[in-house]
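*Asks:* Before I ask anything, here is the structure I am working with.
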C-alpha cells in the first residue's frame, strides 16, 4: 500500500515532543509487523528518526533507524518465502537497504556514544551477515551481542533480548558446519522460553522463530536427518500452534502472524520434496 502525498503532508504537521517518542516507536513497530504497509512504515520511521535526532533524543533516533532495517528485512523474507514468482531483484534491493540502514544506525550509535546499545547493533549486523551468507561473521556478531546483553543488570528491560539472539546463534552454528551443537542450543533455547515473562506477541514471534530458523538451517545445510522429516514437521507444527493471540486480549502486533505463517508454509513445502 502506497503512502499517499496527502498522508505525508499530514505527518509533516505533527509536533513531536520527546515524551511522545516511545509511543511513536510502538506505533511504528506495530505498522512494521503488518505486510502491505512498508511504504508508510518507512516514511514514518524516517520522519521520527529525523525528529528525534533534532531533539537530541539519540537512543530513540537509533531505534527508528533499526525499524527501517526491519521493514527491509521483512521485504527480503517475503520474497525468499514465496512459493513461486520470487522477485530476485526486489529481494537483493531489500537486502542492500537493510544493510545500509543497519550501518547508518551503527555509525549513529558510535557517533553519539550509545555504548549500552552495542548489543542491539550487533544483533542487526548479525542478521545482515546471515542474510548475505556470511555465517561465520554472523555467528561472531550474535555471540558478542548475547554476551553484552547478558552482562546487563537483571532489571534492565533490554536484557531479555539475549534469548532471541541465542536462537540466531543456534542457526548460525548449524550454517557454519556445527549442526549438532546448533541443534542442541536451539532445543535448549526453545524450552527456556516459558521460564521468561515478557510481551506476549514478542514472545510468540521469537519462540516460533527458533523452530523455524533451525529447520531452515538444517534443510539448507543437508542436515535434516538430525531431526528427521517427521521431527522437523512436528517442530513447525508446534511453532505454528504458538501463533495465536486470545480474542479478548489486545496486542500491538499482527494478530495473524502473517510473516511467521508464510515461513512455515514455505518450509513445509520444502520438506515435502525431500525423500
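*Asks:* Are any residues in segment 243-260 free of Cβ contacts under 8 Å to residues at least 40 places away in the same chain and surrounded by 17 or more Cβ atoms within 10 Å (Cβ to Cβ), and if so, which ones?
*Replies:* 243
*Asks:* On to the next question. Being touching a helix residue (DSSP H, G or I) at 6+ places or on another chain (Cβ under 6 Å), in a helix (DSSP H, G or I) and without any contact (Cβ under 8 Å) to a residue 24 or more places away in the chain is the filter here, so list the residues in segment 54-90 that pass it.
*Replies:* Matches in segment 54-90: 79, 90.
*Asks:* Consider residue 209 against the criteria (1) surrounded by fewer than 13 Cβ atoms within 10 Å (Cβ to Cβ); (2) closer than 17 Å to residue 260 by Cβ: it satisfies all of them except one. Which criterion is unmet?
*Replies:* (1)
*Asks:* Can you confirm whether residue 209 is in the same structural domain as residue 163 (by TED's automatic domain parsing) and more than 15 Å from residue 162 (Cα to Cα)?
*Replies:* So residue 209 fails the test.
*Asks:* What about residue 183, is it touching a residue at least 40 places away in the same chain (Cβ under 8 Å), crowded, with 19+ Cβ neighbours inside 10 Å and in the same structural domain as residue 247 (by TED's automatic domain parsing)?
*Replies:* Answer is yes for this residue.
*Asks:* Also, quick follow-up: With the condition kept exactly as written, say whether any residue in segment 99-118 is closer than 20 Å to residue 205 by Cα and either without any contact (Cβ under 8 Å) to a residue 60 or more places away in the chain or not assigned by TED's automatic domain parsing to the domain that holds residue 191 (or both).
*Replies:* No: zero hits.
The values are calculated or read from the model by the stated rules, or taken from the named source; none is laboratory data. Just so we're clear, the structure is a prediction, and the values are computed from it rather than from any experiment. No Cβ is skipped: glycine too gets one built from the backbone with ideal geometry, and neighbour counts run over all protein chains shown.
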